[in-house]
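Asks: Following this message is one structure expressed as structure tokens.
The values are calculated or read from the model by the stated rules, or taken from the named source; none is laboratory data. Model, not experiment: these values are computed from the prediction. Ideal geometry is used to build each Cβ from the backbone, glycine not excepted, and the neighbour counts take in all protein chains shown. All accessible areas refer to the heavy atoms of the entire protein, side chains included, with ligands and DNA or RNA removed. Shrake-Rupley method; radii C 1.70, N 1.55, O 1.52, S 1.80 Å.
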Amino acid sequence: MDTSVITVSYRRIFRTSALQLLLLMEIRKMDLEARSLQPSMKATLLAKLREYKSDLNNLKSEVKRIKSANVSVTARDELLELGRVDSLAVSNDQKGRLLMSTERLNQSTDKITNSRKTLLETEEIGASILQDLHQQRQSLLHAHKSLHGVDDNISKSKKILAAMSKRMNRNKWIVGSLMAALVFAIILILYFKLTR
């Protein structure tokens, strides 16, 4: 058999294997992204990914059959040609589905990015509010200390006023007693002067 035919067959096999590897990596990436989505979208995307995986496994099994030593080179060529025709029909459909899935994943990624931005903005606002609350707390604590000082001063003032009130009462009694003593002394003096 001509070596150029064998070389062409192996090149086709290599291209198919490289394509399978590339598809496998893309499917794994999509699988990870789909698992991080909301449950409503997650189920449909994972079902589609299962379909892609089964198609990829079918392609792998075909490649393994082609690579096996028991299959002749012509049979390999025939299978490759059949696979190419089938894969073109299937790959166009898969490309469409992959593009739709990729678009949905991109939209979901944009939504997640927007949600993260909103979360960061909310976090900044929360930090600002907490800082304001801390400053207000400090102001309230300062006012509380000032009021406590005023309360102490008022208590001292009450004590001083109470002491002054006691002194005034005592002084009133003393003045009243002195006046009573003077009146009694005047009456006594007048009585002695009038009686003599």
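Asks: What net charge is computed for the residues neighbouring Lys111, neighbours being all others with C-beta under 12 Å from the C-beta of Lys111, Lys and Arg scored +1, Asp and Glu -1?
Replies: +2
Asks: Subtracting the Cα-Cα distance from 0.36 nm times the residue separation, let me have the gained length for Glu26 to His144 in nm, one decimal.
Replies: Length gained between Glu26 and His144: 36.0 nm.
Asks: Determine how large the accessible area of Asp110 is when every protein chain is in place; take a 1.4 Å probe and give Å² rounded to the nearest 10.
Replies: About 90 Å², ignoring ligands and nucleic acids.
Asks: Starting from the Cα of Lys95, draw a straight line to each of the lysines and keep only those under 21 Å, dropping any in the same chain fewer than 8 residues away.
Replies: Filter leaves Lys29, Lys42, Lys48, Lys53, Lys60.
Asks: Using +1 at the Cβ of each Lys and Arg and -1 at the Cβ of each Asp and Glu in segment 132-191, identify which of Ala181, His142, Ile154 lies farthest towards the dipole's positive end.
Replies: Ala181
Asks: Also: I'd like the accessible area for Ile189, computed on protein heavy atoms only with a 1.4 Å probe and all protein chains in place. Round to 10 Å², please.
Replies: 100
Asks: So if R0 is 45 Å, what FRET efficiency would Asn58 and Glu124 give, r being the distance between their Cβ atoms, rounded to the nearest 0.05?
Replies: 0.30
Asks: What does the charge count around Leu49 come to, taking other residues whose C-beta lies under 11 Å from its C-beta (Lys +1, Arg +1, Asp -1, Glu -1)?
Replies: +3
Asks: Moving on. Within 15 Å, Cβ to Cβ, of Ile129, how many net charges do the neighbouring residues add up to if Lys/Arg are +1 and Asp/Glu are -1?
Replies: Result for the neighbourhood of Ile129: -3.
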